[in-house]
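In what follows, a structure is listed as structure tokens, so that the remarks can point back to it.
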Amino acid sequence: MKNIFLSISIIIISTCLYSQNPKQKIFNASEIYFYGYDFSHFKLAEAKRINDGAEVAGYIERWVEHMDANLPITSLTSKMGVTIVPRYDVTNIKNRIIVPENVVSTHEHFINQVTIETAIKEYELHEKSGIGMVIIIECFYKATKTASVYYLFFDIATREILDNYRFTTNKPGGTGLKSFWGENLEYNFKKYIHTYYLSEKKAFKKTLFD
């Protein structure tokens, strides 16, 4: 009887600890709704382009196209080990109404957590439940050739942020705004998957068998 109570206690404690980890929802999901690339809070930090807001804003669609071409949904599904369901409408709409005058900065730009939480809550989504993923582009900082990006997973029903990770890389591509930053963003996403997402997923799965 004592052993039975001990076993039950261990199961209850383990279940409680497991349920408290928000990442369980991410890594147990059979599919993830991917809402694309949100540039609505983005800035290119490059002083010489301070008057080129309209031109820079025009490249946002090209950067998204670059990502779609070089990291298509089939590739993301394969790399992340989960079915990725594209739902780009919400971010495409936001990207189209960006004010050009707000796109360029003379200094590095940072997004605070309140802005991120508000953005997730305000997304107008057709889905009522499930796990959502969105990539919020923060800044392309020319002085250090750095791209800073937020990778977010959230509960669609409650808009609870399940994982929020800021990742930076400084591996620019070729000449011209499209390839210089498009290839950096591509590298950023691939490296995030390899060094963070898959590592976290492996560690989480391992705890289930320890």
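Numbers at a glance
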| item | result |
| --- | --- |
| Members of the stretch 74-88 that are in contact (Cβ under 8 Å) with a residue 24 or more places away in the chain and open to solvent by 40 Å² or more (accessible area, probe 1.4 Å) | K79, G81, T83, P86, R87 |
| Top-ranked residue in the stretch 82-114 [being polar (S, T, N, Q) and in a loop (DSSP other than H, G, I, E, B); ranked as farthest from the chain's Cα centre (by Cα)] | T106 |
| Only listed residue being in contact with a Ser or Thr (Cβ under 9 Å, 6 or more places away or on another chain), of a type in the set (S, T, Y) and at pLDDT below 95, chosen from Y18, Y37 | Y18 |
| Condition met for L125 (open to solvent by less than 70 Å² (accessible area, probe 1.4 Å), closer than 20 Å to N92 by Cα and either of a type in the set (A, V, I, L, M) or not in a helix (DSSP H, G or I) (or both)) | yes |
| Candidates K202, K190, K206 - the one that is touching a residue at least 12 places away in the same chain (Cβ under 8 Å), of a type in the set (K, R) and not in a strand (DSSP E or B) | K190 |
| Meets criteria (surrounded by 12 or more Cβ atoms within 10 Å (Cβ to Cβ) and either of a type in the set (V, I, T) or under 13 Å from the mean Cα position of the chain (by Cα) (or both)) for Y196 | yes |
| Top-ranked residue in the stretch 95-115 [being aliphatic (A, V, I, L, M) and free of Cβ contacts under 8 Å to residues at least 60 places away in the same chain; ranked as surrounded by the most Cβ atoms within 10 Å (Cβ to Cβ)] | I98 |
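The values are calculated or read from the model by the stated rules, or taken from the named source; none is laboratory data. Everything numeric here is computed off the predicted structure, so don't read it as measured data. A quick note on method: Cβ atoms are made from the backbone with ideal geometry, for glycine too, and the neighbour counts reach across all protein chains shown. With ligands, DNA and RNA removed, areas are computed over all heavy atoms of the protein, side chains included. Shrake-Rupley method; radii C 1.70, N 1.55, O 1.52, S 1.80 Å.
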